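Trainee: Below are the structure tokens for one structure; questions will follow.
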Amino acid sequence: MDKDEHIYQDEIIKISEKVINDGYVCNRCLGRQFVNLWGNIGNEERGRRIKNILRDYYKIDHISNVCWICGGFLDDLDEWVRRCIDISKDYEYDTFLVGTHISGLLHETEEYLWEKTGARYTESIKAEINREIGKRIEKVTGKNVDFVKPDILFLIDIPLDKVTIKVKPVYIYGRYKKYVRDIPQTKWPCRACGGVGCYVCNYTGKKYLESVEELIGKHALKSFLGEFTKFHGAGREDIDVRMLGNGRPFVLEIINPKKRFLDLTQIENDINKYEKDKIEVSNIRFADKEEISYLKSLKVDKIYKCDVTFDRILDKKDIIKAIGSMNGVILKQRTPTRVLHRRKDLIRERRVNWIKLVDYTGDSAVLEISCEGGTYVKELITGDYGRTIPNLSDLLDVTATVKTLDVISFK
Ligand SMILES: [Zn+2]
Ligand SMILES: [Zn+2]
């Protein structure tokens, strides 16, 4: 043994003395005070070797007693492993992580110990429990620990004697088209009862019986055996506006899914078979949580098709002149009166790229409008009592009304 190691051994004995002064300690609790000693041999083996050194040094033995630090807990980890595996038996997963909540008393014991020993080489008992249980679950199940995005998080609560799990949601990306009006994008609870069910909503709890979210979600929930869904659209169209063209991107989040590794083609086919009169989905694939904020931040141009009626007969060339003057214009849109109850009253600036006259009958016209994401298109036609400037009604000096509106392209 060279000189440095000898000094180190003195240090080991000095610190160990302080640990065992208060009574018996298990191998793990002793080994844990010297985590980097002798390389990657584990705290159990490390503690055993240290005890051998102590035996030689003092000619004493510490046997058959309860560890004053962990109370014997670390000798009893297999029961927790069994409980983790049992609680997750109905769930599909590849990766997991273990987290532990320890009692205040154990915290204090550890701090008391560190104060005595100086804690120069130690790691926390939590870290040891998480790692040891993780290693054993890996061994039994063949799954892997993932520190970043585990499919399942096991939460071991020692004081409450409880194991719970947190299951990572499944995220599905796709594009949807909506072929009918009067279906909202997301679930819409009854305002009178807040979703509980009352006479206003005929005890359904809903203001609208169906939504794009539910039409897609019910098939996903059935396949993934999830609890409920959250729907994240790249913006939303008004309830009476159809979504056509290439469809609007969305991410569907399935909460607490029991299944995780499914063929999405089947789900896409089911939706398009059973809901084909109302919606259609495409480009379905698995997604990540991060894509939601990306979708929300998207400000893409859209093209609308708009049926407009006028309260008097107009000249075609006047319409062409008026819409021509709006090409490239920056609209100033004060929050529309129809959404004032839920949105802040402020002025937004949005660009109109171009407007085309597609059809014309005298007191009605069909327009195609290309504009920046977030434009209030109905108000661009009606003017909303002068809150949107410029607007088609003012330019033509008529009352223009939007009969129907469809999104026909979402870049
Ligand atoms: Zn112990
Ligand atoms: Zn109700």
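The values are calculated or read from the model by the stated rules, or taken from the named source; none is laboratory data. Predicted, not measured: the structure shown is a model, and the values here were computed from it. Glycine also receives a Cβ, built like all others from the backbone with ideal geometry; neighbour counts cover every protein chain displayed. Just so you know, the surface numbers come from the protein's heavy atoms only, side chains and all, with ligands and any DNA or RNA stripped out. Shrake-Rupley method; radii C 1.70, N 1.55, O 1.52, S 1.80 Å.
Trainee: Checking the structure you have, find out if any residue of region 141-156 is under 30 Å from VAL35 (Cα atoms) and without any contact (Cβ under 8 Å) to a residue 40 or more places away in the chain.
Mentor: Yes, region 141-156 contains a residue that is under 30 Å from VAL35 (Cα atoms) and without any contact (Cβ under 8 Å) to a residue 40 or more places away in the chain.
Trainee: Could you grab the pairs with beta carbons closer than 8 Å, sequence gap of 6+ or different chains, first residue in region 374-390 and of a type in the set (Asp, Glu) and at pLDDT 95 or above, second one open to solvent by 40 Å² or more (accessible area, probe 1.4 Å) and part of a loop (DSSP other than H, G, I, E, B)?
Mentor: Short answer, once both residue conditions are applied: GLU379/ARG387.
Trainee: Among (1) under 30 Å from ALA322 (Cα atoms); (2) not assigned by TED's automatic domain parsing to the domain that holds TRP354, there is one condition GLU280 misses while meeting the rest; what is its number?
Mentor: Looking at each condition in turn, GLU280 falls short on (1).
Trainee: Further question: Every residue in region 323-349 that is part of a loop (DSSP other than H, G, I, E, B) and farther than 23 Å from GLU237 by Cα, please.
Mentor: SER325 - this is the single residue of region 323-349 that is part of a loop (DSSP other than H, G, I, E, B) and farther than 23 Å from GLU237 by Cα.
Trainee: Report yes if some residue within region 46-63 is closer than 26 Å to LYS162 by Cα, among the charged types (D, E, K, R), free of Cβ contacts under 8 Å to residues at least 40 places away in the same chain and in a helix (DSSP H, G or I); otherwise report no.
Mentor: No, that holds for no residue.
Trainee: How many residues are farther than 30 Å from ARG248 by Cβ and at pLDDT 95 or above if we restrict to region 158-175?
Mentor: Of the residues in region 158-175, 4 are farther than 30 Å from ARG248 by Cβ and at pLDDT 95 or above.
Trainee: Starting from residues that are touching a Leu at 6+ places or on another chain (Cβ under 9 Å) and of a type outside the set (D, E, K, R), keep the ones in region 131-147 and report whichever is surrounded by the most Cβ atoms within 10 Å (Cβ to Cβ).
Mentor: ILE133
Trainee: Something else: Regarding region 68-75, can at least one residue be identified that is part of a helix (DSSP H, G or I), among the aliphatic types (A, V, I, L, M) and out of contact with any Lys or Arg (no Cβ under 7 Å at 6 or more places or on another chain)?
Mentor: No, because not a single residue in region 68-75 is part of a helix (DSSP H, G or I), among the aliphatic types (A, V, I, L, M) and out of contact with any Lys or Arg (no Cβ under 7 Å at 6 or more places or on another chain).
Trainee: Hey, ASP277 hits all of (1) in contact with a Gly (Cβ under 9 Å, 6 or more places away or on another chain); (2) surrounded by fewer than 15 Cβ atoms within 10 Å (Cβ to Cβ); (3) not in a strand (DSSP E or B) but one; which does it fall short on?
Mentor: So the condition that ASP277 fails would be (1).
Trainee: If the requirement is being assigned to a helix (DSSP H, G or I) and surrounded by 13 or more Cβ atoms within 10 Å (Cβ to Cβ), which of these qualifies: ILE320, ILE369, ILE408, ILE355?
Mentor: The match here is ILE320.
Trainee: Could you please find all residues in region 111-166 being under 26 Å from LEU30 (Cα atoms) and among the small types (Gly, Ala, Ser)?
Mentor: GLY118, ALA119, SER124, ALA127, GLY134
Trainee: Is it fair to say TYR24 is open to solvent by less than 50 Å² (accessible area, probe 1.4 Å) and at pLDDT below 90?
Mentor: Spelling it out, TYR24 is indeed open to solvent by less than 50 Å² (accessible area, probe 1.4 Å) and at pLDDT below 90.
Trainee: Can you tell me which residue in region 286-316 is most open to solvent (accessible area, probe 1.4 Å), limited to those that are part of a helix (DSSP H, G or I) and farther than 20 Å from VAL402 by Cα?
Mentor: If we take residues in region 286-316 being part of a helix (DSSP H, G or I) and farther than 20 Å from VAL402 by Cα, then TYR294 is most open to solvent (accessible area, probe 1.4 Å).
Trainee: Based on what the data block shows, is ARG82 open to solvent by 30 Å² or more (accessible area, probe 1.4 Å), more than 11 Å from ligand 1 (Cβ to nearest atom) and either more than 30 Å from GLY226 (Cα to Cα) or among the aliphatic types (A, V, I, L, M) (or both)?
Mentor: Considered against the rule, which asks whether it is open to solvent by 30 Å² or more (accessible area, probe 1.4 Å), more than 11 Å from ligand 1 (Cβ to nearest atom) and either more than 30 Å from GLY226 (Cα to Cα) or among the aliphatic types (A, V, I, L, M) (or both), ARG82 comes out as no.
Trainee: Shifting gears a bit: GLY226 - would you say it is within 18 Å of VAL407 (Cα to Cα), buried (at least 18 other Cβ atoms within 10 Å of the Cβ), touching a strand residue (DSSP E or B) at 6+ places or on another chain (Cβ under 7 Å) and of a type in the set (Gly, Ala, Ser)?
Mentor: Spelling it out, it is not the case that GLY226 is within 18 Å of VAL407 (Cα to Cα), buried (at least 18 other Cβ atoms within 10 Å of the Cβ), touching a strand residue (DSSP E or B) at 6+ places or on another chain (Cβ under 7 Å) and of a type in the set (Gly, Ala, Ser).
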